[in-house]
1. Do any residues in the stretch A:64-93 that are in a loop (DSSP other than H, G, I, E, B) have Cβ atoms under 7 Å from those of residues that are within 16 Å of DNA strand C (Cβ to nearest atom), where the two are at least six apart or on different chains, and which pairs are they?
2. For the stretch A:263-301: of the residues being within 16 Å of DNA strand B (Cβ to nearest atom) and among the small types (Gly, Ala, Ser), which is surrounded by the fewest Cβ atoms within 10 Å (Cβ to Cβ)?
3. Within the stretch A:94-106, which residues are crowded, with 18+ Cβ neighbours inside 10 Å and outside any helix (DSSP H, G or I)?
4. Given the conditions (1) in contact with a Gly (Cβ under 7 Å, 6 or more places away or on another chain); (2) of a type outside the set (A, V, I, L, M, F, W, C); (3) under 22 Å from residue A:19 (Cβ atoms), report the number of the one that residue A:79 does not fulfil.
5. Of the residues in the stretch A:187-207, how many are touching a strand residue (DSSP E or B) at 6+ places or on another chain (Cβ under 8 Å), within 16 Å of DNA strand B (Cβ to nearest atom) and part of a loop (DSSP other than H, G, I, E, B)?
6. Within the stretch A:462-484, identify whether any single residue is modelled with pLDDT of 90 or more, assigned to a loop (DSSP other than H, G, I, E, B) and under 28 Å from residue A:296 (Cα atoms), and answer yes or no.
7. Within the stretch A:36-47, is there a residue that is under 18 Å from the mean Cα position of the chain (by Cα) and aromatic (Phe, Trp, Tyr)?
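The values are calculated or read from the model by the stated rules, or taken from the named source; none is laboratory data. Values in this document were obtained by computation on a predicted structure and should not be read as measured data. Positions of Cβ are generated from backbone atoms using ideal geometry, with glycine treated the same way; all protein chains shown enter the neighbour counts.
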Amino acid sequence: MQERVQRLVGDDTKGMWVGTFHSAFARLLRVEGDKIGYSEDFSIYDTSDSKRLIRQQMQGRNLDRDVVKPRAAQRMISSAKNEMIGPREYAELARGDQQEMVAEVYPAYERALKQANALDFDDLLLKPIELFEQHEDVLEKYQRRWTHVHIDEYQDTNQAQYVLARKLAGRHKNLCVVGDDAQSIYAFRGADITNILNFEQDYPDATTIRLERNYRSTKNIIRLADSIIEKNDDQIEKSLWTDNVEGEYVALMEALSEKDEAQKVERRIRDLQLREGLEYGDFAVLYRTNAQSRAIEEALRTENVAYRVIGGTSFYERKEIKDVLAYLKLLVNPNDTASLQRIINYPTRGIGDKTQERLQRYAQQNNLSLWQAVERVEEIETLGTRAERAVGTFRRLIARYASKAGTGSTPPDELARDLIQDAGLLSELRKEHTRENLQRWENVQELISALAEYVESTEEATISTFLQEVALLTDQDEADDEGDKVTLMTLHAAKGTEYPVVFVAGLEEGLFPLEKATQEKSELEEERRLFYVGVTRAEQRLYLSWARSRYRYGEQQSNTRSRFLEEVDSDVVRTEAGGELEQQTDRFKAGGAPDSSRDYDEMDPHYYRQDLSGDGGSGSSDDGLRRIESTDGDSGRRVVYDEGRGTIVPGARVEHSKFGQGKVQSVEGEGEKATAVVFFGSDVGNKKLKLKYAKLRVVG
DNA sequence: TCGCATTCCGTTTTT
DNA sequence: CGGAATGCGA
């Protein structure tokens with residue numbers, strides 16, 4: 001992309017910039033932030049830093065965490081910011097306990113951020129708007145510098161990005177956006193599809209060019225994609241076409257468990273690689289949630305198939321990395337309270353909860369940042385001598401390195417290495433010789449190397465710029481790791497990529513679409529667009545897979561296959577055996593279908609007598625119920641199928657005293673805790689029932 | 001204050 | 001299941 005843009009613009013790339021909104025405006029704020037009260041060394045807070053700050057504000061004000069948890073509060077505040085609703089306006093709009101409490105925390109959170117000289121992700125867009133509004137001249141400067149503005153994936157822009165684009169393009173009116181409403185998958189984080197839908201109204205002179213020819217995929221894949229997206233009511237009419245070949249059928253793979261699914265994927269990859277001469281780099285495995293990567297990784301690892309995982313707990317999200325980063329942030333920006341709290345007592349140095357509380361109280365009372373309180377330990381009367389000494393030692397450690405960093409005489413990587421050594425971080429990791437600790441230690445070394453490399457390769461590199469860049473790394477940045485490897489990622493991370501062979505795994509009700517997203521039409525349609533995004537990543541071959549059972553929350557859960565599979569054009573799909581896809585178009589109608597026993601027959605407990613992993617066994621228990629057990633391979637987890645309640649299985653038709661007849665969608669837990677999700681027709685919808693209480697009668 | 005044990009709790013998806 | 005938050009004894 002960057003290359004292509006460069007070719008368009010020519011060699012004179014002065015003033016040109018390619019990247020995300022966030023990193024563009026973070027850099028802009030570095031230069032211009034002082035005009036609205038931020039020094040260039042501001043910290044960038046990720047979601048967990050924000051959460052930490054919010055939790056603290058709630059504690060400070062004695063707010064009941066049962067009403068709103070910090071995590072929820074963080075999300076609510078973030079959404080508000082995405083819609084450009086400030087604390088004052090929020091307070092006016094707040095309705096109900098939760099929102100009213102958030103209304104109380106929101107302004108305090110904003111003050112805390114300010115005091116920490118920190119910006120959260122949302123601020124990186126909001127503050128530039130503030131800046132442009134208060135300083136016309138700055139806006140003008142950038143309008144002149146960036147005479148043309150191009151925005152890709154415009155369907156994923158939010159309100160703030162919309163305003164920024166409008167402002168920047170305000171002078172030259174050279175704005176070009178590319179987007180596809182069918183690929184809008186970020187509504188949950190404030191992306192506003194109306195930005196793209198109303199573009200022609202907002203810019204009446206705009207020319208619209210429809211891109212309806214697909215150069216990527218085979219006819220079969222496009223037919224499948226079309227059949228998916230046409231189920232959405234909310235969309236712009238398009239007719240896609242391609243000159244590409246018909247191609248292979250789309251294959252549907254059915255597995256017994258997530259492990260089985262992973263193995264099937266792995267075998268298929270190796271098979272294609274050998275027979276079709278494909279490389280590992282030609283394959284992508286896509287899934288709905290990051291947790292699903294584990295099973296697939298395991299299968300690939302056992303067979304020595306090289307792979308890379310995009311996203312998930314990425315390198316920079318690991319605890320040990322965040323710890324080191326927190327030390328570095330503190331050097332650069334001592335008022336960064338979230339970072340200070342993170343490491344003030346890690347490794348433990350005698351500054352426990354009580355001492356921290358007292359520091360905090362002192363800071364609040366004297367309107368100081370936490371670090372400023374640390375600097376004045378001697379004045380804090382509530383502290384004993386032992387605590388005072390511990391805090392003093394810590395203060396001197398940080399101050400020593402901060403001044404070293406200030407003079408710039410020591411190379412940043414060397415400074416960082418010495419600091420974490422002195423702070424005891426390295427010896428903490430060497431304390432116990434476990435494999436995990438060794439890995440963590442290596443990760444820390446890798447971070448330092450990354451810092452060294454960054455300093456080497458970047459003009460005017462400082463620790464501060466490094467930290468700001470690192471905070472904004474995206475999944476896509478991780479992707480260009482070289483090497484011939486299978487790529488594993490979430491469907492969200494797959495946006496904008498393409499691969500000869502694509503697997504979309506985990507097509508099960510409750511997982512994809514996610515249970516939570518099935519109630520609201522708009523959310524279900526977003527899930528469907530996500531499915532659309534997934535299948536349109538494929539160039540040559542597409543595999544869809546689902547597993548009859550899957551571990552979730554450490555419990556085994558049985559599943560029915562995703563409703564999306566019942567919706568697709570079955571003419572282009574074949575099962576693994578080469579058979580046609582049998583769809584159950586009526587499965588969501590409650591009235592009872594002629595073939596409704598089909599699922600049930602397949603779910604007969606005997607079905608599971610087939611050994612899942614090679615070393616299973618069976619047994620019986622003493623409660624009078626016959627059970628079939630198998631031990632699930634290396635995990636040693638016991639899989640128990642309870643024949644006593646046996647008939648309540650996915651697919652079974654049941655009757656409830658209040659809701660009437662319905663169809664079991666999934667069953668979770670066992671014994672006392674067993675629950676089932678039952679669909680009672682479109683009026684009632686899905687209900688989650690405890691089998692212990694809900695007396696379900698099996699009918700038919 | 002620390003360290004261990006126990007309980008609790010959750011999963012979307014991400015800049 | 002696994003990580004984080006809480007509780008308790010030393």
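1. A:65/A:58
2. Keep residues of the stretch A:263-301 that are within 16 Å of DNA strand B (Cβ to nearest atom), which gives A:284-298.
Adding the requirement that they be among the small types (Gly, Ala, Ser) leaves A:284, A:291, A:293, A:295.
Values: A:284: 23, A:291: 16, A:293: 23, A:295: 23.
In this case the residue turns out to be A:291.
3. A:94, the sole residue that qualifies.
4. Among (1) in contact with a Gly (Cβ under 7 Å, 6 or more places away or on another chain); (2) of a type outside the set (A, V, I, L, M, F, W, C); (3) under 22 Å from residue A:19 (Cβ atoms), residue A:79 violates only (3).
5. So the count comes out to 2.
6. yes
7. Checking the stretch A:36-47: at least one residue is under 18 Å from the mean Cα position of the chain (by Cα) and aromatic (Phe, Trp, Tyr).
Residues checked against (1) in contact (Cβ under 8 Å) with a residue 12 or more places away in the chain; (2) more than 10 Å from DNA strand B (Cβ to nearest atom):
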| position | (1), (2) |
| --- | --- |
| A:318 | yes, yes |
| A:330 | yes, yes |
| A:338 | yes, yes |
| A:345 | no, no |
| A:355 | yes, no |
| A:360 | yes, yes |
| A:363 | no, yes |
